[in-house]
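Undergrad: Handing you a structure now.
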Amino acid sequence: MSDAVTTFYRDQFPRAELKNSVLQAPCPFCYGKSSGSAGTLIVYLNQESFFHGYFRCLNRCTAGGFPLHFARLRGISLKLAPGYDPDREYFGREIDYPVRNINQEIIGFTDKLTTEIHAFFAQGKVSVPVLEEMRIGYNGRYLVYPYVQADGNCYAAHCVHPEKPEDSFWYGDERFFTEQFRIFNRQEIEQCENGALFLVEGEHNLLPLKQLGLPVIAVPSAADLEHLNPLLLTWIHTVFLWVNHNAESEAMARSFATRTGHKVRIIRWPENTPRNTSLLGLPAETESDLRRIVFTMVRNAQAFSPFATPAAEFHAFHERLELESGTAYSGLTCGFAKLDQTLDGVHGINIMGGSPKAGKSAFFIQIASEMAFRKIPVIYYDFENGRQKIYLRILSRLSRLQPDVIRHAASQEPGEQERLHQAQQTLRTSLHWLRVVNDRTLSPETMRRHIDFLRHETRSDYAVVVIDSLHKLPFKDIGQQRSGIDGWLRQLEAVRDELAVSFLVISELERGEEGHYDRQPHLGSFKGSGDIGYSADNAMVFLPQWDPFDNHPPQTRANELWLVASREHSPGRIASYRLDYPYWGFTEEG
């Protein structure tokens, strides 16, 4: 054990015994005390503990602390103490204290403690030596908690009814009644410099922790946390925050932790703990029981961190991994065999660009409806065609009837009527999983609500979102189209990761110098956003292999689909897709 803290204490006590990471030596601070022989000084030297370097006397002859406090008590040069910083400034030392104090009155109150008061605290396993150490008094009706300031003097005391904590008042110099001075055992803050410290709600809840020899300060109530300046705790490495088990106190604790930052670790009550339980009311039969309960809860304390705990992070990863190994994840396929083989299904953000009238919408409508037929929840955000056209095209493809024939029921043959009826039943059923949205005020928050609702409604772990098209998503200023598109891409990334959503997104292509589209697909073909290459898990280009000015029959038209960029797959030609004219669909070819 060669760390600086251990070396410092071993140099001070070269003959001391070190056993189980605890150093024991005759207490150097007990000599000269009026009563008893020298007690034992113990120092905790477990480098993995938050209290590494904390010392205390088992006789309670002086307040414990960390190396800098030890050096001050012993008169050792602070330069020799680990953690010393000559440029360190301490908040709160600028106070000018008055000459008059109430120290003698506090002594008078301590002499009035009764056997009944001793018994009251004994129920919480708090002994008489602890009451004496903390100078707890009694005025005949109220417990008197002295608020000793940083200069070692007491100017005000908080008088609290032992059975009704809400019945209280302040006694002494009214200048020290204000929130600035409402820190019980305040001097412990400096004594715990570079170490750990408990902060509890209620002076009475401080006493069980002092019984266990732990450093602790208190505020009168959880509401006083709002007025506790985090600068006072600047040089404390770790603050264990422990409040009563009720909603109001726990909300105040979270608020204080938010303001104070990562050094705060909130003690959380076990789930089966009765509401309004406090430290003094812990169900402990003996001090050993109290120690076991307290240190179990301390070990389970969680740092108030912007990150998930390692255990929660691994659980989320493992849970997602199990989902991805299931049939629901592997079943996220589009129905085109070569496309599914190339992309290994519909996962992540898949952006497909194409020239106008290439059939991008028809291609994605076909994929969306086929997935919905297989009970995969799909939201189709449409800014191009309208809900009526989308349903009509699905119905045409299902029934193998042209839209004009569907509209004119009187001219239908009996076989056509039967096919249309069956197609209508299929479409009606699929609309539980397929939702078409034409909201031109769509926002990322609204999209999240839509996804949450549909996943809950369909009891599915996954969902697919189709956007037709990226360049028509709503944003504030048409003059800021590029930044607006990039902003939406950032939001799609977040939704993908947070909600396990797959995206199929239509994009426009950039025209060349003469107004033509590139015949060779590449990542730079996409229009209006430099972030598509960074955001898309798969970027594809849908290129017509036919000339719109030629008079070739529509059924001869075919498009080639190219994968131009991917995070996990090799770019290249995927397949050719022939227009299934006039039924608004495509068939996949080699």
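Bear in mind these aren't lab numbers, they're just calculated from the coordinates by the rules spelled out. Everything numeric in this text was worked out from a predicted model, so none of it was measured. All Cβ positions, even for glycine, are placed from backbone atoms using ideal geometry, and neighbour counts span all protein chains on display.
Undergrad: Calculate the all-directions average of the projected area of the stretch 103-310's alpha-carbon convex hull, and give it in nm².
TA: Directional mean of the projected Cα hull area for the stretch 103-310 stands at 11.5 nm².
Undergrad: Can you compute the modelled spin-label distance between ARG268 and GLN123, with each label point 7 Å from Cα toward Cβ, in nm?
TA: Going from the ARG268 label point to the GLN123 one covers 3.1 nm.
Undergrad: Among 438-444, 86-92, how do they line up by average Cβ neighbours within 10 Å per residue, starting with the highest?
TA: The densest-packed peptide leads the list: 438-444, 86-92.
Undergrad: What percentages make up the Cα-Cα pair-distance distribution of the stretch 336-589 when the bins are 10 Å wide from 0?
TA: The percentages, shortest bin first, are 7, 30, 36, 21, 6, 0.
Undergrad: On a 0 to 90 degree scale, rounded to 10, what angle separates helix 414-430 from the longest Cα axis of the chain?
TA: Helix 414-430 sits roughly 10 degrees off the main axis of the chain.
Undergrad: Could you tell me, in Å, what Rg and Dmax come out for the Cα atoms of the chain?
TA: Both quantities, over Cα of the chain: 36.4, 115 Å.
Undergrad: Using Cα centres only, tell me the gap between the stretch 527-590 and the stretch 367-392 in whole Å.
TA: 19 Å
Undergrad: Need the list of lysines near LYS210 for cross-linking: C-alpha distance under 20 angstrom, and skip anything on the same chain fewer than eight residues off.
TA: Counting by Cα, and skipping residues close in sequence, LYS210 has these lysines nearby: LYS125.
Undergrad: If you don't mind, another one. Grab the Cα-Cα distance for ARG490 and GLU248, subtract it from 0.36 nm times how many residues apart they are, and report the gain in nm with one decimal.
TA: The span from ARG490 to GLU248 would gain 83.5 nm if fully extended.
Undergrad: Rounded to whole Å and sorted largest first, list the principal axis extents of the Cα atoms in the stretch 64-125.
TA: 49, 33, 21
Undergrad: Mind listing the phi-derived Karplus ³J(HN,Hα) values for the stretch 183-196, rounded to whole Hz, using 6.51, -1.76 and 1.60 with θ = phi - 60°, and x for any glycine or proline?
TA: Rounded to whole hertz, the list is 10, 7, 6, 4, 4, 5, 4, 6, 5, 9, 4, 6, x, 10.
Undergrad: Taking 8 Å as the Cα distance limit and 6 or more residues as the minimum spacing, I'd like the relative contact order of the chain as a percentage.
TA: 9 percent
Undergrad: Can you compute the FRET efficiency between LEU73 and ASP340 using 1/(1 + (r/R0)^6), with r the Cβ-Cβ distance and R0 = 51 Å? Round to the nearest 0.05. Walk me through the numbers on the way to the answer.
TA: On the way: r = 74 Å, r/R0 = 1.45.
It comes to 0.10.
Undergrad: What spacing in nm lies between the two simple spin-label points modelled at ALA410 and GLU132, each 7 Å away from Cα in the Cβ direction?
TA: For the pair ALA410/GLU132, the computed spacing is 11.0 nm.
Undergrad: Dipole of the stretch 103-310, Cα-centred, from +1 at each Lys and Arg C-beta and -1 at each Asp and Glu C-beta, to the nearest 20 debye?
TA: The calculation lands at about 620 debye.
Undergrad: Among LEU206, LEU473, SER535, flag the residue with its Cα farthest along the positive direction of the charge dipole of the chain, charges on Cβ as +1 for Lys/Arg and -1 for Asp/Glu.
TA: Result: LEU206.
Undergrad: Under a point-charge model restricted to the Cβ atoms of Lys and Arg (+1) and Asp and Glu (-1), what is the dipole moment magnitude of the stretch 310-456 relative to its Cα centre, in debye to the nearest 20?
TA: Details: 19 positive and 16 negative charges, 106 e Å.
So the dipole magnitude of the stretch 310-456 works out to roughly 500 debye.
Undergrad: Then there's this: Quick one: helix 444-458 against the long Cα principal axis of the chain, what's the angle to the nearest 10°, folded into 0 to 90?
TA: Approximately 80 degrees, to the nearest ten.
Undergrad: If you don't mind, another one. Eigenvalues of the Cα gyration tensor times 5, then square-rooted: what semi-axes does that give for the stretch 190-332, in whole angstrom, largest first? Could the numbers behind the result be given before it?
TA: Values: eigenvalues 217, 74, 43 Å².
Ellipsoid half-lengths, sorted descending, are 33, 19, 15 Å.
Undergrad: Moving to a separate point now. Taking H as built 1.01 Å from N, whose amide H comes closer than 5 Å to the amide H of MET352, not counting residues under 5 places away?
TA: VAL505, ILE506, SER507, MET540
Undergrad: Any of LYS19/LYS263; LYS360/LYS527; LYS357/LYS527; LYS338/LYS472; LYS357/LYS472 with alpha carbons more than 26 Å apart? Name them for me.
TA: LYS19/LYS263; LYS338/LYS472
Undergrad: Nothing charged except the Cβ atoms of Lys and Arg (+1) and of Asp and Glu (-1): what's the magnitude of the dipole of the chain about its Cα centre? Round to the nearest 20 debye.
TA: Dipole size: approximately 440 debye.
Undergrad: Now for a different question. Which residues' amide hydrogens lie under 5 Å from the amide hydrogen of PHE526, considering only partners 5 or more residues apart or on another chain, with H built in the peptide plane?
TA: It is GLU510, by chain and number.
Undergrad: Using mean Cβ contacts within 10 Å as the protection proxy, how do 574-587, 18-31, 451-464 order, highest first?
TA: In descending order of packing, they fall as 574-587, 451-464, 18-31.
Undergrad: How much length is gained on full extension from SER443 to ALA150, taking 0.36 nm per residue of separation minus their Cα-Cα distance?
TA: 100.1 nm
Undergrad: Sticking with this structure for a sec: Choose one of ALA500, PHE121, SER77: the residue whose Cα lies farthest towards the positive end of the charge dipole of the chain (beta-carbon charges +1 Lys, Arg; -1 Asp, Glu; about the Cα centre).
TA: PHE121
Undergrad: To the nearest 10 degrees, how steeply does helix 287-299 sit against the main Cα axis of the chain, on a 0 to 90 scale?
TA: 40 degrees
Undergrad: Convert each backbone phi in the stretch 577-587 into a coupling constant with the Karplus relation 6.51 cos²θ - 1.76 cosθ + 1.60 (shift: θ = phi - 60°), then list the ³J(HN,Hα) values in order as whole Hz, x for Gly and Pro.
TA: Each residue's phi maps through the Karplus curve to give 10, 8, 5, 8, 7, x, 9, 6, x, 9, 10 Hz.
Undergrad: Can you quote the Å³ per residue value for the convex hull of the Cα atoms in the stretch 1-108, rounded to an integer?
TA: Cα-based convex hull of the stretch 1-108, divided per residue, equals 161 Å³.
Undergrad: In whole Å, largest first, what are the principal axis extents of the Cα atoms in the stretch 399-488?
TA: 54, 35, 16
Undergrad: At a threshold of 8 angstrom on Cα-Cα distance, excluding pairs fewer than six apart, so keeping six or more, what relative contact order does the stretch 246-319 reach in percent?
TA: Relative CO of the stretch 246-319 lands at 42 percent.
Undergrad: Counting each DSSP H run of 4 or more residues in the chain as -39500 (n - 2.57), what helix-only mean residue ellipticity at 222 nm follows after dividing by all residues, to the nearest 500 deg cm²/dmol?
TA: Taking each H run of at least 4 residues, the total per residue is -9500 deg cm²/dmol.
Undergrad: Ordered by residue, what ³J(HN,Hα) values in Hz, to whole numbers, does the stretch 67-76 give under the Karplus form 6.51 cos²θ - 1.76 cosθ + 1.60, where θ = phi - 60° and Gly and Pro are x?
TA: Using θ = phi - 60°, the values come out as x, 5, 5, 4, 5, 5, 5, 8, x, 7 Hz.
Undergrad: Compute the distance in nm between two label points, each set 7 Å from the Cα along the Cα-to-Cβ direction, one at ARG578 and one at THR296.
TA: 7.3 nm
Undergrad: Which one of LEU489, LEU392, PRO553 has its Cα pushed farthest toward the positive end of the charge dipole of the stretch 336-589, where Lys and Arg give +1 and Asp and Glu give -1 at the Cβ?
TA: LEU392
Undergrad: Let me ask something else about it. Can you give me the relative contact order of the stretch 103-310 as a percent, contacts being Cα pairs under 8 Å and 6 or more apart? Please list the in-between numbers first.
TA: On the way: 345 pairs, mean separation 32.2, N = 208.
With pairs under 8 Å counted, the relative contact order is 15 percent.
Undergrad: Between the stretch 407-444 and the stretch 191-230, how far is it from one alpha carbon centroid to the other, in angstrom?
TA: 67 Å
Undergrad: Where the centre of each part is set by its Cα atoms, how far does the stretch 450-477 sit from the stretch 65-117, in angstrom?
TA: The two parts, judged by their Cα centres, are 61 Å apart.
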